[in-house]
Amino acid sequence: SLASTAVTCFTRGLDLRKETEDVLCPGNCPLWQFYVFGDGVYASLSSICGAAIHRGVITNAGGAENYPAVNANGIQSQVLTRWASSFSVSQIKNTALEAVGRSVSTARPSTGKRPKKPLDKKAGNKDCKADIAFLLDGSYNIGQRRFNLQKNFVGKVAVMLGIGTEGPHVGVVQASEHPKIEFYLKNFTAAKEVLFAIKELGFRGGNSNTGKALKHTAQKFFSSENGARKGIPKIIVVFLDGWPSDDIEEAGIVAREFGVNVFIVSVAKPTTEELGMVQDIGFVDKAVCRNNGFFSYQMPTWFGTTKFVKPLVQKLCSHEQMLCSKTCYNSVNIGFLIDGSSSVGESNFRLVLEFISNVAKAFEISDIGSKVAAVQFTYDQRTEFSFTDYNTKDDVLSAIRNIRYMSGGTATGDAISFTTRNVFGPMKDGPNKNFLVVLTDGQSYDDVRGPAAAAQKAGITVFSVGVAWAPLDDLKDMASEPRESHTFFTREFTGLELMVPDIIRGICKDFLDSKQ
């Protein structure tokens, strides 16, 4: 006879690939955990083994008008209208149950809406940039039953996120006496696999040492070996039933130091009578990334949580709100304004481009990270590339290498106005902080003070870099306050190289000061 496919207690119709399959159920499935639905659109959500144990009560003819909830052989089936059975049992063995049936893998409840453009299933939701660790409460506080409801909720969140190779990646850590990383970001890139892995999680029990688990996750979970991706926000979603049994504040500090965004989903907050048992009443505010309301989320109980799925997913996918991921390296727009006047000369112009490349190289350039733009000027201005032209560091560096020397006069003031309006203008409501680095080797023919003041008023921090004959007064007039730390000068073009670290440090210092 055909070999049967071994399944777990929780395998559902939609987990099977084939239309018809012989399956072998394990002998010791905990009966009370099963849901059995009819054979319409929801049959695929039924536990196959549950349907097998339930045999004899749900018949194929059953429930034509109104399908009552019945309890048979320890399995509670769900009330449904006009539905028949999920599975039919072909033969029974004493040691284990064998079920055979149609796996309704394609069936989904119809919402009556027109389908959206097909999601590339493998790639996932590319608009949601996140590497997420779900930190589940596996303590005696929550207990086995609510632990399973927690798993169901996390499963729904995982599905709605749109996990995929280019979408969000998720892993799970269970907090109990000692934290256990159940699976890493790199283990699964499909929602189906993640769902299955979540279903398989066993309840650990013990104290809810959430602080210990949070610290462990922040330090160990997001390494590149474990699948964390460069430039993608790192997020830990902490589920807490009741309150933590250890100190969570220090763990919150560690997570922030590691650039991790901590969300707390608290369920069943401590009641007034219970507050005396809570070490620190403000535990949520101390652990989250920022105490601004965005990173905390409350659900009254583990029952009826479906309506909480979407709002949580929306939060997890708003990468511009992930304040703890923001460093000066991934959250700035740097515009370079390059003097292309005839006094510079072709070979020195190459040294200028090298200087720009070396500054740009230090930043994490991506569609959700830092951006670089360049404008060359003489009497005229030419946008070499704008902030939205290139989304990778390699593309930006190759665009810088390809800039052609113009040669001509020097109208620095006009060029600053042009850049403020045309290059920074479109970015003004964006999440990144704006910087302009002006490079010139001589006296400007027009006023620089007015245009530079207007740029600064528009929220752009200006660094001036002068070479050779650039007058110090002009340089200081252009630079942001404090002028000393925003003005640079070198006699020779070869001296530009030595300024690179100082410019990068200056940008980072301003970025951090602006966040205080």
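The values are calculated or read from the model by the stated rules, or taken from the named source; none is laboratory data. This is a predicted model, so every value here is computed, not measured. Positions of Cβ are generated from backbone atoms using ideal geometry, with glycine treated the same way; all protein chains shown enter the neighbour counts. These accessible areas exclude ligands, DNA and RNA; they are computed on the full protein's heavy atoms, side chains included. Shrake-Rupley method; radii C 1.70, N 1.55, O 1.52, S 1.80 Å.
Given a Förster radius of 22 Å and the C-beta distance between THR388 and ASP502 as r, what FRET efficiency does 1/(1 + (r/R0)^6) yield to the nearest 0.05? Before the final figure, lay out each step's value.
Working: r = 28 Å, r/R0 = 1.29.
So the FRET efficiency works out to roughly 0.20.
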In this structure, the FRET efficiency calculated for ARG449 and ASN292 from their beta-carbon separation, with R0 = 51 Å, to the nearest 0.05, is 0.85
Return, ordered by residue number, the residues of the range 501-516 whose backbone nitrogen is under 19 Å from a label point located 7 Å along Cα→Cβ of GLU481.
-> 507, 509-516
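Are there any trypsin sites (Lys or Arg not before Pro) in the range 441-501 that are in a DSSP loop and have at most 12 other Cβ atoms within 10 Å? List them by number. Write out the running numbers ahead of the final one.
Details: sites: ARG449, LYS457, LYS476, ARG483, ARG491; in loops: ARG491.
Those satisfying the criteria are ARG491.
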What nm value, rounded to one decimal, do you get for the distance between ASP380 and PHE303 when each label is placed 7 Å out toward the C-beta?
-> 7.5 nm
Considering only protein heavy atoms, what per residue accessible area in square angstrom results for the range 273-432 with a 1.4 angstrom probe?
-> 45 Å²
Regarding the range 332-514, what is the average projected area of its C-alpha convex hull, in nm²?
-> 8.7 nm²
In the structure shown, of LYS192/LYS371; LYS186/LYS215; LYS269/LYS315, the pairs separated by more than 26 angstrom at the C-alpha atoms are LYS192/LYS371
Expected field for SER398, accessible surface area in Å² at 1.4 Å probe radius, rounded to 10, holds 40 Å²
Summarise the accessible area of the range 179-297 (1.4 Å probe, protein heavy atoms) by the percent that is carbon and sulfur.
-> 50 percent
With each pseudo-label sitting 7 Å past Cα toward Cβ, what's the GLU354-THR20 distance in nm, one decimal?
-> 7.4 nm
